[in-house]
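Visitor: Before we start, here is the structure in question, set down as structure tokens.
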Amino acid sequence: MMRLTKIKGLFLLPFLLVFSESFCQEIKVTGGFFEDSIKVGEPARFYLAARYPSKINILFPDSTFDFASLEFRSKEYFDTETKNDISYDSVVYHLASFSIDPIQTLSLPIFQINPNDCTLHVSNIDSIKLTLTTPNVDTVSIARLDLKHQATYQPTDKLFNYPLLIFVVGITLVLVALGWFFFGKPVRKHFKIKRMMKAHQAFLVGFDSNISGLQKQYSPLSTEATLVYWKRYLEQLERLPYTKLTSREIQRIQKDDQLGKTLHGIDEAIYGHNTQTTVLFESLKTFAQNRFNKKLEEVKHG
């Protein structure tokens, strides 16, 4: 038996259906519901049977057919039986209804395949009753209701507004990201300049204190400690390893002969050959001040 691939719309195309009176006498189509009534959503079974000459090809409706107010779920097809050149075919359709019409009817066709067209043979109409499941509710007038009066405040739990929190946090993050994108560089520059000025001021105070100590009482150890203090500040300012470099290496890097003479004089003071270090350290202080001013301009215009 061939499968019907598309049924919808055949009722609107009567010119495709050629009714043959002789074939109608030979083909008999019957259909009907197994159940008398159903509830909304429950399955309903509808059988469709055909008796026809075995030389004729017929098609039954498939899942694409319009089952009126019912919806297709599945179908059971029973094998064709042929006796004395008469064939018998039957299909049971499993349907469901979600309509609230109290009485629902259905009639299904079969299609006789001819060389150039097809002929429609319609079954009888059968109906099924819809049983509503809503219980009957007793109604009582408001005047007869036994109401309890309660005027005392009853505290209730407050629900936290998480969607609002997520929205506020999201907006805040977006604003912070935009602010950092547009103003991040100036802000970073501002704080870097503040740190540089604070570190330089602390260096000047500590360096002057060391020079004053040397003026009061000279010692090679204090002289070396003051030189190391100067080197550590320049190391932090310029990111160069001053504390690991000799005086000659510092002169070569900076390409400053006056700085080289100053460091050489301090080396002599450390080893006890020169005790006049005030002028030498004031020269290092001036060098540090110049290097700070240069670095500060680089940051401001960087």
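The values are calculated or read from the model by the stated rules, or taken from the named source; none is laboratory data. Note that the structure is a prediction, hence the values are computed from the model and not measured. Neighbour counts run over all protein chains shown; Cβ positions are idealised from the backbone, glycine included.
Visitor: Show the residue pairs that are 6+ apart or on different chains and have beta-carbon atoms under 6 Å apart, the first residue being within region 285-297 and within 12 Å of Phe207 (Cα to Cα), the second being in a helix (DSSP H, G or I) and of a type outside the set (Asp, Glu).
Guide: Lys285/Phe207
Visitor: Which residues, counting only those in region 200-218, are under 16 Å from Lys231 (Cβ atoms) and of a type in the set (S, T, N, Q)?
Guide: Asn210
Visitor: Right, here's the next one. I'm told Arg252 meets every condition in (1) exposed (fewer than 15 other Cβ atoms within 10 Å of the Cβ); (2) at pLDDT below 90; (3) not aliphatic (A, V, I, L, M) except one. Can you identify the failing condition by its number?
Guide: Tallying (1) exposed (fewer than 15 other Cβ atoms within 10 Å of the Cβ); (2) at pLDDT below 90; (3) not aliphatic (A, V, I, L, M), Arg252 fails exactly one: (2).
Visitor: Could you check, for region 219-231, whether at least one of its residues is surrounded by fewer than 12 Cβ atoms within 10 Å (Cβ to Cβ), modelled with pLDDT under 90 and of a type in the set (Ser, Thr, Tyr)?
Guide: No, that holds for no residue.
Visitor: Can you go through Asp256, Asp267 and tell me which one is touching a residue at least 12 places away in the same chain (Cβ under 8 Å) and under 15 Å from Ala288 (Cβ atoms)? So that I can check it myself, show each step before the final result.
Guide: On the way: Asp267 fails: under 15 Å from Ala288 (Cβ atoms).
None of the other options fit; the residue is Asp256.
Visitor: Does Ile38 fit the bill of being surrounded by 15 or more Cβ atoms within 10 Å (Cβ to Cβ), more than 16 Å from Ile103 (Cα to Cα) and in contact (Cβ under 8 Å) with a residue 40 or more places away in the chain? Before you say what the answer is, go through the steps one by one.
Guide: Working: surrounded by 15 or more Cβ atoms within 10 Å (Cβ to Cβ): yes; more than 16 Å from Ile103 (Cα to Cα): no; in contact (Cβ under 8 Å) with a residue 40 or more places away in the chain: yes.
No.
Visitor: A further question follows. Could you tell me how many of the residues in region 257-278 are at pLDDT below 90, exposed (fewer than 15 other Cβ atoms within 10 Å of the Cβ) and under 23 Å from Leu204 (Cβ atoms)?
Guide: So the count comes out to 2.
Visitor: Report, by residue number, each residue of region 161-181 that is loosely packed, with under 10 Cβ neighbours inside 10 Å and closer than 30 Å to Glu298 by Cα. Lay out the reasoning, then the answer.
Guide: So the first thing to find is which residues in region 161-181 are loosely packed, with under 10 Cβ neighbours inside 10 Å, and the list is 162-164, 181.
The one that is loosely packed, with under 10 Cβ neighbours inside 10 Å and closer than 30 Å to Glu298 by Cα: Phe181.
Visitor: Does region 253-282 hold any residues that are β-branched (Val, Ile, Thr) and more than 15 Å from Thr226 (Cβ to Cβ), and which are they?
Guide: Residues of region 253-282 β-branched (Val, Ile, Thr): 253, 262, 266, 270, 275, 277-279.
Across region 253-282, the qualifying residue is only Ile253.
Visitor: Hey, does region 211-225 have a residue that's in the same structural domain as Tyr271 (by TED's automatic domain parsing), under 60 Å from the mean Cα position of the chain (by Cα) and among the charged types (D, E, K, R)? Let's see the steps before the verdict.
Guide: So in region 211-225, the residues in the same structural domain as Tyr271 (by TED's automatic domain parsing) come out as 211-225.
Adding the requirement that they be under 60 Å from the mean Cα position of the chain (by Cα) leaves none.
The answer is no; no qualifying residue exists.
Visitor: What number of residues within region 63-92 satisfy the criterion of being in contact with an Asp or Glu (Cβ under 6 Å, 6 or more places away or on another chain) and closer than 12 Å to Leu108 by Cβ?
Guide: 1
Visitor: Starting from residues that are in contact with a strand residue (DSSP E or B) (Cβ under 6 Å, 6 or more places away or on another chain) and assigned to a loop (DSSP other than H, G, I, E, B), keep the ones in region 125-160 and report whichever is modelled with the lowest pLDDT.
Guide: Thr133
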